[in-house]
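A quick write-up on the structure given underneath.
The values are calculated or read from the model by the stated rules, or taken from the named source; none is laboratory data. On a predicted model such as this, the values are computed, not experimentally measured, just so you know. Cβ sites come from the backbone with ideal geometry, for glycine too, and all protein chains shown count toward neighbours. Keep in mind that these areas ignore ligands, DNA and RNA; they rest on the heavy atoms of the full protein, side chains included. Shrake-Rupley method; radii C 1.70, N 1.55, O 1.52, S 1.80 Å.
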Amino acid sequence: MAIWFRSNNFLAHDVLIVLSLFSLFWGVLPFSLEIDQAFIAAILTVVGYSINDTVVVFDRVREYFTMYPKKEQKELINLAVNSTLGRTINTSMTTFIVLLAMFIVGGEAIKGFIFAIMIGVVVGTYSSNILQLHLFLISRKRKMNRKVYSI
């Protein structure tokens with residue numbers, strides 16, 4: 001069984017959160033929050049990070065759907081999230097710690113770039129592990145509840 005799910009909305013969600021926090025903190029934080037080439041690179045990095053997280057989680061969901069076809073969908077998604085959550089949190093925390101060290105020690109020119117990626121790692125991890133799976137479950141339920149009437 002193939003699982004196809006559009007995650008474009010959540011990629012836009014991740015980008016919009018980073019962009020809105022940049023807008024809110026512009027002029028407040030003591031470092032540059034200008035939208036320049038470094039910011040665009042940070043946004044592309046956040047999108048790549050979010051796509052990677054989403055692929056890992058949905059690959060596990062697909063694997064569990066083929067391994068346990070008789071189990072309920074909600075239970076399978078819960079098992080998939082539980083099996084990937086440790087890996088995802090470890091990866092995100094390791095990335096965040098390295099970014100925090102670079103933010104503290106790094107120069108003035110790189111602080112805006114690192115700040116954007118730090119926000120993106122947190123938001124991307126949340127959206128790929130929580131939001132997308134719930135929307136996936138809701139869309140699967142709608143698909144299963146549709147009745148086809150033939151005339």
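Of the peptides 43-53, 77-87, how do they stack up when ordered by the mean number of other Cβ atoms within 10 Å, highest first?
Result, highest mean Cβ count within 10 Å first: 43-53, 77-87.
Once you put a point 7 Å from the Cα of residue 59 and another 7 Å from the Cα of residue 37, both along the Cβ direction, what distance in nm separates them?
Going from the residue 59 label point to the residue 37 one covers 3.3 nm.
Per the 1.4 Å probe, what fraction of the accessible area of region 47-92, in percent, lies on carbon and sulfur atoms?
So the carbon and sulfur contribution to the accessible surface is 55 percent.
Taking the highest mean first, how do the peptides 64-75, 120-131 order by number of other beta carbon atoms within 10 angstrom per residue?
Put in order of decreasing packing, that is 120-131, 64-75.
Would you kindly derive the ³J(HN,Hα) couplings of region 92-100 from the backbone phi angles with the Karplus curve 6.51 cos²θ - 1.76 cosθ + 1.60 (θ = phi - 60°), listing them in order in whole Hz, with x for Gly and Pro?
Coupling constants for region 92-100: 5, 5, 4, 4, 5, 5, 5, 5, 5 Hz.
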